[in-house]
Amino acid sequence: MEQTVLDYSILSKRRNDLFGISIVSIVVYHYCLLSKLAVAKIYCALVGSVGVPVFLMLSGMGLFFSMSKNASIGQFYKKRLVRVVIPYAIVATVHFALRCIIKKQGIVAFLRGVFFVNFVLKSSSQFWFVAFILVMYLLFPLFFKLFRTGKYNFIKLLILCGIVVAANFALSRLAPSLYENIEVMLTRIPAFLIGVYLGEMAYNKRAVKLPFWLISILGGAAFLYISIMRNVTDAVFSAYIVRYSETIYALLVMMVLSIVLEAIHSDGFSKICAFFGSMSLELYLVHVSLRTIMNLLGLPVENIIYYAVMVVVAVGISFVLQKFDAFATKKLTTPRKAKSA
């Protein structure tokens, strides 16, 4: 009987499921950060914000597949930027307009919010992910060119991640105030780079070997130790240690979830995951926006009833917004057919 070899394409096969699970885990984590319930502490310790690096790795992997099938850089930029800019422009316009009304601020504050100035200068990080992913999209053709051959990819990944870690360390020493504002973005870069690396591995169906399990299990164990210490004893660890160990933990979580999902092969569960995964960007934008506005209005977001209502509203808005985004993206990015003579 022929033995089936596990390969990285399982991550691509279960990508939609993983997207859905990651965005739901992020929404739950955002509540647990505010809650004083014991179960919330446990969730923060064992799961934390692992959905974020999972989301970023899946994004990098998906981009690799996309560019492998269509190498047109112009079409790539057009499609990807439109896909992000449209929902962000809609949500950010409403969000910052409401903030300015509530806080009695003017047009300058509105513009500073929409164009990420307050994120860089004042650590207003609700929409950091959008700033991050736009920069990664712009740089992606370079990453794709670097990793597409498959030669020495692991060495290339280590070098790139080493440069990122060194740059983070240098900036934290040279401009600590600035770094504190944007570290949530800068420390996430390795997760995206790993996603691009995984994209090549999945696209070419490379086998999952022992080093992967050793690295992911050891890194995952390190993260769990750090996370439990932070949530149980209030121990303090540097942002680098937390983010990078969490990224390795996310690798393990992704692979284990993919194997489990493949084994149970539940169409019903996959449909639920796909439902949330299809509007993951919109749900991220809408729920962080609503959460912030509720805080400004003095509504107790840490109350599970209020938070649950907010999530239901966010899902409804995100569903409608995703449909509009899909329609607009198709209209704006589909090449026009030449008129017949």
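Based on what the data block shows, is I86 touching an Asp or Glu at 6+ places or on another chain (Cβ under 6 Å), surrounded by 14 or more Cβ atoms within 10 Å (Cβ to Cβ) and assigned to a helix (DSSP H, G or I)?
Against the criterion (touching an Asp or Glu at 6+ places or on another chain (Cβ under 6 Å), surrounded by 14 or more Cβ atoms within 10 Å (Cβ to Cβ) and assigned to a helix (DSSP H, G or I)), I86 qualifies.
Which of the following residues is more than 21 Å from L56 (Cα to Cα) and in a helix (DSSP H, G or I): I226, I215?
I226
Scan Y77, Y31, Y8 and give me the residue that is more than 18 Å from V286 (Cα to Cα) and buried (at least 19 other Cβ atoms within 10 Å of the Cβ).
Y8
For the subset of segment 1-40 comprising residues that are in a helix (DSSP H, G or I) and charged (D, E, K, R), which member is farthest from A274 (Cα to Cα)?
For segment 1-40, the residue satisfying everything is K13.
Take the residues of segment 145-177 that are without any contact (Cβ under 8 Å) to a residue 12 or more places away in the chain and among the β-branched types (V, I, T): which is farthest from S123 (Cα to Cα)?
Step by step, filter segment 145-177, then rank; the result is T149.
Among the helices (runs of 4 or more DSSP H) confined wholly to segment 97-208, which include 3 or more residues that are more than 30 Å from V5 (Cα to Cα)?
Helices (runs of 4 or more DSSP H) meeting the threshold: 107-114, 117-122, 128-147, 153-174, 176-186.
Here is a yes/no grid of residues against (1) outside any helix (DSSP H, G or I); (2) modelled with pLDDT of 95 or more; (3) of a type in the set (A, V, I, L, M, F, W, C); (4) more than 26 Å from I133 (Cα to Cα):
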position: I272; (1), (2), (3), (4): no, no, yes, no
position: F276; (1), (2), (3), (4): no, no, yes, no
position: P300; (1), (2), (3), (4): yes, no, no, yes
position: V315; (1), (2), (3), (4): no, yes, yes, no
position: D325; (1), (2), (3), (4): no, no, no, no
position: A328; (1), (2), (3), (4): no, no, yes, no
position: K339; (1), (2), (3), (4): yes, no, no, yes
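For (1) more than 22 Å from A131 (Cα to Cα); (2) in contact with a strand residue (DSSP E or B) (Cβ under 9 Å, 6 or more places away or on another chain); (3) among the aromatic types (F, W, Y); (4) surrounded by 13 or more Cβ atoms within 10 Å (Cβ to Cβ), each residue gets a yes or a no:
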site: V165; (1), (2), (3), (4): no, no, no, yes
site: S172; (1), (2), (3), (4): no, no, no, yes
site: F192; (1), (2), (3), (4): no, no, yes, yes
site: Y197; (1), (2), (3), (4): no, no, yes, yes
site: V208; (1), (2), (3), (4): yes, yes, no, yes
site: S227; (1), (2), (3), (4): yes, no, no, yes
site: D234; (1), (2), (3), (4): yes, no, no, no
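Identify, by number, the condition in (1) surrounded by fewer than 20 Cβ atoms within 10 Å (Cβ to Cβ); (2) closer than 27 Å to E302 by Cα that V54 doesn't meet.
Checking V54 against (1) surrounded by fewer than 20 Cβ atoms within 10 Å (Cβ to Cβ); (2) closer than 27 Å to E302 by Cα, the one that fails is (1).
Here's the yes/no breakdown for (1) without any contact (Cβ under 8 Å) to a residue 12 or more places away in the chain; (2) crowded, with 16+ Cβ neighbours inside 10 Å; (3) closer than 21 Å to Y43 by Cα:
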| position | (1), (2), (3) |
| --- | --- |
| T247 | no, yes, yes |
| I264 | yes, no, no |
| I272 | no, no, no |
| T292 | no, yes, no |
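Between residues in segment 70-94 that are closer than 17 Å to K330 by Cα and residues that are of a type in the set (D, E, K, R) and in a helix (DSSP H, G or I), which pairs lie under 6 Å by C-beta distance while being six or more apart or on different chains?
I86/D325; P87/E282; P87/D325
Please indicate, with yes or no, whether at least one residue in segment 54-69 is over 22 Å from I189 (Cα atoms) and out of contact with any Ser or Thr (no Cβ under 7 Å at 6 or more places or on another chain).
Yes - at least one qualifying residue is present in segment 54-69.
For segment 101-115, give me each residue that is surrounded by 14 or more Cβ atoms within 10 Å (Cβ to Cβ) and more than 19 Å from W128 (Cα to Cα).
Selection gives Q105 alone.
State whether one or more residues within segment 305-317 are among the aliphatic types (A, V, I, L, M), closer than 25 Å to F192 by Cβ and surrounded by fewer than 14 Cβ atoms within 10 Å (Cβ to Cβ).
no
Just the residues that are hydroxyl-bearing (S, T, Y) and out of contact with any Gly (no Cβ under 8 Å at 6 or more places or on another chain), please, taken from segment 248-268.
S258, S266
The values are calculated or read from the model by the stated rules, or taken from the named source; none is laboratory data. Being a predicted model, the structure only gives us computed values, none of them experimental. No Cβ is skipped: glycine too gets one built from the backbone with ideal geometry, and neighbour counts run over all protein chains shown.
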